[in-house]
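Structure record follows, encoded as structure tokens.
The values are calculated or read from the model by the stated rules, or taken from the named source; none is laboratory data. Since this is a predicted model, take the numbers as computed values, not measurements. Neighbour counts run over all protein chains shown; Cβ positions are idealised from the backbone, glycine included.
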């Protein structure tokens, strides 16, 4: 069973603060975890990769081919002709998934020859691979993404951007240094209604922004993320130590942890890591100018104990009901709620001093505030939303590799979203309010005390 205590980090953990240089942090982690030693370290000049023209085919490798990874394999194969991509390699720690992904691609794409690996670094060594799709557990996102960029490859990485805040800045800094494209897999970011809202807001029709609200809700009586356990998973066909990677709280081989990892803090932030990114990325796009937060507070509860309805599983570490409030330097506040015990949510809404925008389905609706009804005209735009299509988000990634534009959920947006997520997790687990300085990347409490960002080893469940 899980130890759910979450004490404050001790003083000797201050050395883990993410504001140290990413090279130092990477060296500390790599020294403790040989499975994640980077092939392309900070002291080695990164590979630039090839320049990809508008008509060039992009070769892709997949790291992590479980449920979401295979969703990308399927989608990219279905659209391979339209996006002009081909597939070279797949990687996973479980041999069944490697074999399944290889078989699917080779059966779907005529003439495809796909290599399978259980070590992602072998994909990094491949000079014939231009981009990777990373759909691993959250605690592997950074190592795979950073090493890929240093190896000259562009990266589509599933949401959340990564597990902890220091890692998010490592990805961001590496993207800036290498010039490689990063697309975080919050596919709602490619829904055009949020981009249309951003145009309206940048035009000044809402005036100064006041409040943003949104939600992502589910109701799972048997416990969210209690996925079916495949009996074919065995300790002798899965590299368990590699799967654990940088996780501090090591456990023996456990299929429950492997399939239901989103329930446990060492691997995931729960609602903050899985569902809230689906709202945070597109809504922050819709503001017209995404900001780093200046102050974040979050509270959550798991009092419903839905895991009791799935025999044989452990009680979750993560919350079943979570609310976060964030303040931004411009003066806008944001309220996001997420739940796995009630599915009634809010309409995505952005309130300005002069008008309010409502975003739902495929509609953008602008309503002026009463004092400004003579200045601002109401507006309704229909058929501008496309939901959360994976294939459109993937296409945006490939288009940006070719044209040099920033992807819809690129590093600039994603690092700001991850800052909200990570500060919210700290607020909830440490029972504090987190203030953030984007210039120094320092976190303080309301009384001015500096707090190190949590990372692997900061808390018992990490």
I'd like the full set of residues that are in a strand (DSSP E or B) and either in contact (Cβ under 8 Å) with a residue 60 or more places away in the chain or outside the structural domain of residue 211 (by TED's automatic domain parsing) (or both), limited to region 367-381. 379, 381
Within region 391-416, track down each residue that is surrounded by 19 or more Cβ atoms within 10 Å (Cβ to Cβ) and more than 12 Å from residue 189 (Cα to Cα). 398, 401, 411, 415, 416
Scan region 292-303 residue by residue and report those that are more than 15 Å from residue 325 (Cβ to Cβ) and surrounded by fewer than 18 Cβ atoms within 10 Å (Cβ to Cβ). 301, 303
Residue 346 passes all but one of the listed conditions (1) surrounded by 20 or more Cβ atoms within 10 Å (Cβ to Cβ); (2) in contact with a strand residue (DSSP E or B) (Cβ under 7 Å, 6 or more places away or on another chain); the exception is number (1)
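Residue-wise test of (1) touching a helix residue (DSSP H, G or I) at 6+ places or on another chain (Cβ under 8 Å); (2) at pLDDT 95 or above; (3) under 25 Å from residue 277 (Cα atoms).
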| residue | (1), (2), (3) |
| --- | --- |
| 173 | yes, yes, yes |
| 207 | yes, yes, no |
| 242 | yes, yes, no |
| 250 | yes, yes, no |
| 255 | no, yes, no |
| 263 | yes, yes, yes |
For the structure I just gave you, tell me whether residue 107 is outside any loop (DSSP other than H, G, I, E, B), over 27 Å from residue 441 (Cα atoms) and out of contact with any strand residue (DSSP E or B) (no Cβ under 6 Å at 6 or more places or on another chain). yes
Given the options 364, 384, 415, name the one that is touching a helix residue (DSSP H, G or I) at 6+ places or on another chain (Cβ under 9 Å), in contact (Cβ under 8 Å) with a residue 40 or more places away in the chain and not assigned by TED's automatic domain parsing to the domain that holds residue 203. 415
